[in-house]
Amino acid sequence: MTSPDKTTSRIGRIVAVTGAHAVILIDGGSDADARAKTPEIGTLLRVDTPRTISLCIVSALSSPMPSHMPDEPETRIIEVEFLGELPRDERGEPMHFRRGVSCYPSLGDTVFRASKHELAKAYAYHTDMAIRVGHITQDEAIPAMVKVDDLLGKHFAILGTTGTGKSCTVALLLRRILEKNPQGHVLLLDVHREYAHAFRDIAEVISPANMNLPFWLLNFEEIVEILIGQQPNREADVEVLRELIPIAKLRFMNNQRRERPALQRAREQIEPSSIGVDTPVPYRSSDLIGLLDEHLGKLELRGELAPYKRLKSRLEAINRDSRYAFMFGSLTVQDTMSQVLSRLFRIPVNGKPIAILELGGLPSEIINVVVSVLARLAFDFGVWSAGRIPITFVCEEAHRYVPVDKTLGFEPTKRSISRIAKEGRKYGISLCIVSQRPAELDATILSQCNTIFSMRLANERDQEILRAGISDAASSLLDFMPTMGTGEAITFGEGVALPTRIKFDTLPADEWPMSNTASVTGSWAREMPEDGFLQDIVLRWRAQSFAPEGTVFDMPQQATFGQQQQTSPTAADLTAPLRRLSAAANRPVGSGEERPSLASLIRQIKS
Ligand SMILES: Nc1ncnc2c1ncn2[C@@H]1O[C@H](COP(=O)(O)OP(=O)(O)OP(=O)(O)O)[C@@H](O)[C@H]1O
Ligand SMILES: [Mg+2]
């Protein structure tokens with residue numbers, strides 16, 4: 001078979017082969033000819049063998065004896081890595097690309113630039129299972145395709161310096177994946193509150209203002225982090241909590257059985273003996289306080305009282321703290337676990353396959369605990385559902401939660417995310433790791449990511465981390481990392497056909513995350529906002545809420561928030577009367593949709 005451009009696309013001949021590595025001498029001729037023939041790193045070349053077309057990628061270029069005069073011909077060699085092949089059918093036509101080389105080229109074999117047709121065969125999948133994300137840099141006409149099953153089945157990472165387009169890539173990938181799979185299930189951790197804008201029509205936006213993540217879903221380590229933290233003498237407090245939590249759980253269960261026997265269906269009955277400190281069954285914080293009081297009444301020795309007193313006052317403080325309202329806010333505890341899972345993991349999807357968890361504005365210790373609970377819930381859900389509903393867990397700023405430094409981060413969060421990275425695949429739970437500092441990310445997490453999109457990375461240590469774990473062919477491409485433009489990436493791994501450099505498609509402006517680099521001069525050129533501007537910021541700051549009662553200006557994102565965003569809780573001084581009211585109304589506490597409007601409650605209080 002002869003491709004039409006074979007004479008013009010000839011590059012040279014093979015002069016050395018070692019395993020999958022070969023050296024090619026570029027054809028002689030005038031200096032201009034040789035220059036024209038020299039491909040750049042990352043270019044795909046072809047070598048014909050009797051039964052296949054072998055494809056290799058340029059990994060190095062050199063001129064061992066450079067001439068002193070610019071026009072003098074000189075020896076030019078290129079080094080290549082063989083990556084895969086296109087087997088030929090009986091008529092000699094190339095068929096589908098496959099990785100690995102069954103028939104190695106030999107010395108003297110002629111090397112050509114891969115034709116458009118071969119590039120398309122190698123890079124483009126035209127199956128229902130693949131999505132287009134951009135085009136390859138070698139040829140704009142060749143789409144860069146990603147195999148969805150391989151991408152989501154085995155975790156992937158998007159890495160790059162700040163502003164290189166990671167969030168836009170997340171938005172682009174998820175959009176394209178969910179266009180083809182509208183019944184997907186994605187949970188996206190959004191620390192900077194940027195994604196609601198990108199997915200406004202297909203996302204359930206969950207923020208502390210409309211979230212209900214009952215504290216009894218926390219496991220023991222997580223509740224210890226919130227109630228005790230890393231204070232000295234914590235062992236005594238931890239032991240008290242370990243003893244009392246199962247008792248509070250049993251109390252709640254017994255009360256339920258007494259009060260609502262008809263509602264307790266047989267399959268909801270749990271053996272009391274199986275209730276442990278980590279069992280996700282409800283209990284009341286008031287029961288816990290009651291138990292602490294009972295012990296305080298019994299104990300006479302001063303020293304032994306201290307842990308009980310500390311725990312009681314911490315529990316009472318947290319119950320009053322508006323920042324924890326989404327966990328400790330409701331007085332009427334009900335078993336809402338299925339509703340919580342339904343909302344977080346989009347079951348049923350109801351046209352919104354993504355749940356965006358906006359964590360912006362929360363202090364880092366709360367974010368840590370929330371991320372830990374969510375990652376654990378996702379994994380445990382996978383285990384107990386036997387992987388029947390695959391879920392993708394997107395973790396922005398992953399180096400914050402799974403740092404390489406053992407002294408940083410929150411241990412349970414690290415464990416939950418590592419567990420998904422190591423075992424999640426078996427239960428249909430996949431990770432998307434987004435980070436600007438791969439060197440600060442736990443190396444085991446990155447090594448579990450089977451597809452990597454590496455955008456511009458200027459820092460040497462970050463580059464080294466990536467280089468360490470990949471093949472020679474892809475590592476030569478990584479030389480481009482410091483110089484790539486915004487929205488460009490080196491992709492390698494199982495989700496893509498071959499390691500290659502790609503340019504992502506441009507996202508339409510209405511699908512951008514709200515992270516676009518602000519124009520400083522544009523903002524400075526405008527008049528200062530109205531009088532109330534600063535007061536409103538101070539109000540938000542103190543209320544620790546992006547939508548407290550009384551604010552008059554909107555953050556840009558707020559125009560696009562779901563309706564639930566407007567029904568937010570409020571400043572700490574308002575929470576006590578609000579709770580009394582909500583308890584009196586005996587409202588259900590399943591999902592955020594069921595929370596009463598703050599404004600209406602305040603009106604009631606005022607009246
Ligand atoms: N595929 C794309 N389509 C359109 N614009 C893009 C694309 N990729 C990047 N950009 C542009 O680059 C800017 C920065 O992108 P983005 O916010 O995604 O960077 P980032 O890597 O997530 O930054 P950070 O680490 O600070 O979160 C965007 O505001 C947008 O203007
Ligand atoms: Mg970003």
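Each reported figure results from applying straightforward, stated rules to the coordinates on display, with no laboratory input. Small disclaimer: the values here were computed from a predicted structure and weren't measured. When we count neighbours, we look across all protein chains shown, and the Cβ atoms used for this are built from the backbone with ideal geometry, even at glycine.
Across the range 108-178, the volume of the C-alpha convex hull divided among the residues equals 142 Å³ per residue.
Dipole magnitude for the range 147-270: computed about the Cα centre from +1 point charges on Lys and Arg Cβ and -1 point charges on Asp and Glu Cβ, it is near 520 debye. Each label was represented as a point 7 Å from its Cα along the Cα-to-Cβ direction; for residue 514 and residue 314 these points are 3.5 nm apart. Ranked by how many other Cβ atoms sit within 10 Å of their own Cβ, fewest first, the residues 95, 455 fall in the order 95, 455. With the simple spin-label model, which puts each label point 7 Å out from Cα in the Cβ direction, the residue 460 to residue 541 separation comes to 4.1 nm. Coupling constants for the range 129-140 follow from the phi torsions by the Karplus curve (6.51 cos²θ - 1.76 cosθ + 1.60, θ = phi - 60°), and in residue order they are 8, 10, 10, 8, 10, x, 9, 7, 5, 4, 8, 4 Hz; glycine and proline get x. The peptide list 74-82, 374-382, 530-538, put in order of mean Cβ contacts within 10 Å with the highest first, becomes 374-382, 74-82, 530-538. Straight-distance candidates among the aspartates and glutamates for linking to residue 406, with alpha-carbon spacing under 16 Å and chain neighbours fewer than 8 residues away dropped: 440, 442.
Residues within the reach of a label modelled at residue 23 (point 7 angstrom out along Cα to beta-carbon, backbone nitrogen below 16 Å), restricted to the range 90-118, are 106-109. Rounded to the nearest 20, the Cβ-based charge dipole of the range 343-479 about its Cα centre (Lys and Arg +1, Asp and Glu -1) stands at 660 debye. For the range 86-128, applying the loop criterion from DSSP together with a ceiling of 15 other beta carbons within 10 Å to the trypsin sites (Lys or Arg not before Pro) yields 91.
Look at the Cα gyration tensor of the range 432-480: its axes a ≥ b ≥ c give a/c of at least 1.5 with a/b at or below b/c, and that counts as oblate.
Counting other Cβ atoms within 10 Å as a rough exposure proxy, the listed residues 404, 146, 370 run 404, 370, 146 from fewest neighbours to most. Length gained on full extension, residue 251 to residue 527, computed as 0.36 nm times the residue gap minus the Cα-Cα distance: 93.3 nm.
For the range 436-467, backbone nitrogen atoms closer than 11 Å to the point 7 Å from residue 408 Cα along Cα-to-C-beta are found at 436-442. In plain terms, the chain from residue 149 to residue 426 could stretch by 98.4 nm, reckoned as 0.36 nm per residue minus the Cα-Cα distance.
Go through 352/426; 116/154; 249/426; 249/298; 180/503; 154/352 and tell me which ones have a Cα-Cα distance over 28 Å in this structure. Pairs exceeding 28 Å: 116/154; 249/426.
Can you sort 69, 145 by how many other beta carbons sit within 10 Å, fewest first? Present the calculation step by step, with values, prior to reporting the outcome.
On the way: 69 8, 145 23.
In order of increasing Cβ crowding within 10 Å: 69, 145.
Extending 7 Å from Cα along the Cβ direction at residue 98 and again at residue 128 yields two label points whose distance is 2.5 nm.
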